[in-house]
Amino acid sequence: MRRIDLHVHTNASDGTMTPAEAVVHARLRGLSAVAITDHDTPAGIPEAVDAGAACGVEVIPGIEVSVDYHGQGIHILGYFIDPSAPSLRHLLNWVVNERRRRNEEICAAMRADGIDITLRDLGGDDPASVVGRPHFAAALVERGYASDINDAFRRFMNRNQIYYRKRSYIPLRQGLRVIRDAGGKPVMAHPLQYRFDEPELLSLVGTLTDGGVVGMECLYSQYEPEQSAYLTSLAERFGLCVTGGSDFHGTRKPIEMGVPDVPYELLEALKAR
Ligand code: AMP
Ligand code: ZN
Ligand code: FE
Ligand code: FE
C-alpha cells in the first residue's frame, strides 16, 4: 500500500525539523506523499517542494489555521494552497501580528516572575517563523521550570494556567473563504480535540461544511480505530472526504510521522474535490 501523511509541522512553525529534513524523513518512513501544514505560515513550502523533487516524495503545499468558533480556536487544514496568494498573505500577516501581541504579554508575565525569556530567544525575530505556546513550553523545560512539554502546558500554558494569554482567531467564514480563494481545499483537523459532546460536534461540522470545508481528518495519531470509524461515518453523513495525518512535530511531540497508516487513495479523492 502506498502511504501518505497529510499533517506535518516544520520549524517554520512549532516543529523541530527543517522543511527539507521533514521531507527526507517522510522518504525514510516510506511515504509516497506528505503535506506540510505549518501553523499560520506557508514559509516552509518552497524548501519542502524542492526537497520532495530531489528525493521522490510528493509534497502537498498546506497550512493549518485556527478559526474562531464561539471564542475557541478550531483548526482547519488547507491543502493545495498557493502560498503567494495576496489574500492569504494579508490574513496571515494579521495572525502573526496578533500572535506577537499575545507572545509579548506572555513574555512580560514570565519576566515579572523572574523567568528570563525574550521573543528573540524563541525565534521571534525571524519573520518566517511562527511562534506559539509550544515554544514557550519548550523554553520552560530548557530552563528547568517543567519536566517536559506536557508538564509545561499542564502547569503554565494551558487555558486557566498562569502564563496563558488569549489571542484572537480568524473569523470562521473568512478563514475558509481565504483558503478557497488561495486555491486551497479546507479540511477539518482532528475533530475530537475539542471534547465536544455529539450535538456540539454535529453543529460544528455542519457550520464548517456550510463554510466550504470539503474533508475531515478521520485518521489521526491520537485516535483509536473506533474513533476513526465513528469520524468516517460522520464524514460520510456530511458528504466530506476522509483524510488523515499524524500531526508530526519532530522532537517537540511524541508522535511519529506516517502513523497511522493513511492510504494514497484518500489523497486522490481529496484532489478530485
Ligand atoms: P498557540 O496557537 O500559540 O496558542 O498554541 C497552541 C498549540 O499548542 C496547539 O496547536 C498545539 O499544537 C499545542 N499544544 C496544546 N496543548 C499541548 C500539550 N499539552 N502538549 C504539546 N503541545 C500542545
Ligand atoms: Zn503545532
Ligand atoms: Fe492542530
Ligand atoms: Fe497540527
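So, R0 is 25 Å and r is the distance between the beta-carbons of N97 and R155; what FRET efficiency does that work out to, to 0.05? Can you show the working numbers first?
Numbers: r = 28 Å, r/R0 = 1.14.
Step by step, r from the Cβ atoms, then E = 0.30.
Over the chain, average the accessible area per residue using a 1.4 Å probe and give it in Å², no decimals.
44
How large is the Kirkwood hydrodynamic radius of the chain, in angstrom, based on all distinct alpha carbon pairs?
Result for the chain, one decimal place: 18.9 Å.
HN-Hα J couplings of segment 252-261 from phi, Karplus 6.51/-1.76/1.60, θ = phi - 60°, integer Hz, Gly and Pro as x?
Residue by residue, segment 252-261 yields 6, 9, x, 10, 9, 5, x, 10, x, 4 Hz.
Which residues among segment 6-50 fall inside the zone where the amide N is under 13 Å from a point 7 Å beyond the Cα of T251, along Cα→Cβ?
16-18
What helices does the chain have that are whole DSSP H segments, at least 20 Å long along their own axis by Cα, and with mean Kyte-Doolittle hydropathy of 0.0 or more?
Qualifying helices, which must be both long enough and hydrophobic enough, do not occur.
Which residue, I63, I115, I45, tops the fluctuation ranking in a GNM of the chain built on C-alpha contacts under 10 Å?
Top of the fluctuation ranking is I115.
So what is the relative contact order for segment 146-245, in percent, with contacts set as C-alpha pairs under 8 Å and at least six apart?
Details: 92 pairs, mean separation 22.1, N = 100.
22 percent.
Calculate the tail of P(r) for segment 149-193: the fraction of all Cα-Cα distances greater than 17 Å, expressed in %.
Tail of the P(r) past 17 Å holds 58 percent of the pairs.
Which listed residue (W94, A152, V178) has the Cα farthest towards the positive end of the charge dipole for the chain, taking +1 on Lys and Arg C-beta and -1 on Asp and Glu C-beta about the Cα centre?
So the residue furthest toward the plus end is W94.
Please give the charge dipole size of segment 64-149, origin at the Cα centre, charges +1 on K and R Cβ atoms and -1 on D and E Cβ atoms. Round to the nearest 20 debye.
Magnitude of the dipole: close to 160 debye.
Specify the residue with the greatest mean-square fluctuation among L88, L77, L192, computed from a Gaussian network of the chain linking alpha-carbon atoms under 10 Å apart.
Of the options given, L192 has the highest mean-square fluctuation.
Quote the charge dipole size of segment 161-264 about the Cα centre in Debye, to the nearest 20; the model charges only the Cβ of Lys and Arg (+1) and of Asp and Glu (-1).
Taking the Cα centre of segment 161-264 as origin, the dipole is about 700 debye.
Report for the chain the percent antiparallel among DSSP-assigned beta bridges with both residues inside it, nearest 5.
40
So for segment 171-222, averaging the separation of alpha carbon pairs under 8 Å that are six or more residues apart and normalising by length, what relative contact order in percent results?
Rounded, it is 51 percent for segment 171-222.
With every protein chain left in place, what is the accessible area of V57 in Å² (1.4 Å probe, nearest 10)?
Here the residue's solvent-accessible area equals roughly 10 Å².
Which of L119, L28, L219 ends up with the largest GNM mean-square fluctuation for the chain, with Cα atoms connected below 10 Å?
Maximum among the listed residues: L28.
Quick one: which residues, 5+ away or cross-chain, put their amide H under 5 Å from the amide H of Y69? H built at 1.01 Å from N.
I74
Stretched out fully, how many nm does the piece from F238 to H70 gain, at 0.36 nm a residue minus the Cα gap?
58.3 nm
Roughly how many debye, to the nearest 20, is the charge dipole of segment 3-138 about its Cα centre, given +1 on each Lys and Arg Cβ, -1 on each Asp and Glu Cβ, and no other charges?
Dipole magnitude for segment 3-138 comes out near 140 debye.
Once phi is turned into ³J(HN,Hα) by the Karplus curve 6.51 cos²θ - 1.76 cosθ + 1.60 with θ = phi - 60°, what whole-Hz value does each residue of segment 246-251 show in order, with x for glycine and proline?
Result, ordered by residue: 8, 6, 4, 10, x, 7 Hz.
Expressed as a whole number of Å, what is the distance separating the alpha-carbon centroids of segment 258-273 and segment 105-161?
35
Take every DSSP beta bridge with both residues inside segment 1-104 and express the antiparallel ones as a percent of the total, to the nearest 5.
45
The values are calculated or read from the model by the stated rules, or taken from the named source; none is laboratory data. Source: prediction; values computed, not measured. Every residue, glycine as well, gets a Cβ built from its backbone with ideal geometry; the counts of neighbours run over all protein chains shown. For accessibility, only protein heavy atoms count, side chains too; no ligands or nucleic acids. Shrake-Rupley method; radii C 1.70, N 1.55, O 1.52, S 1.80 Å.
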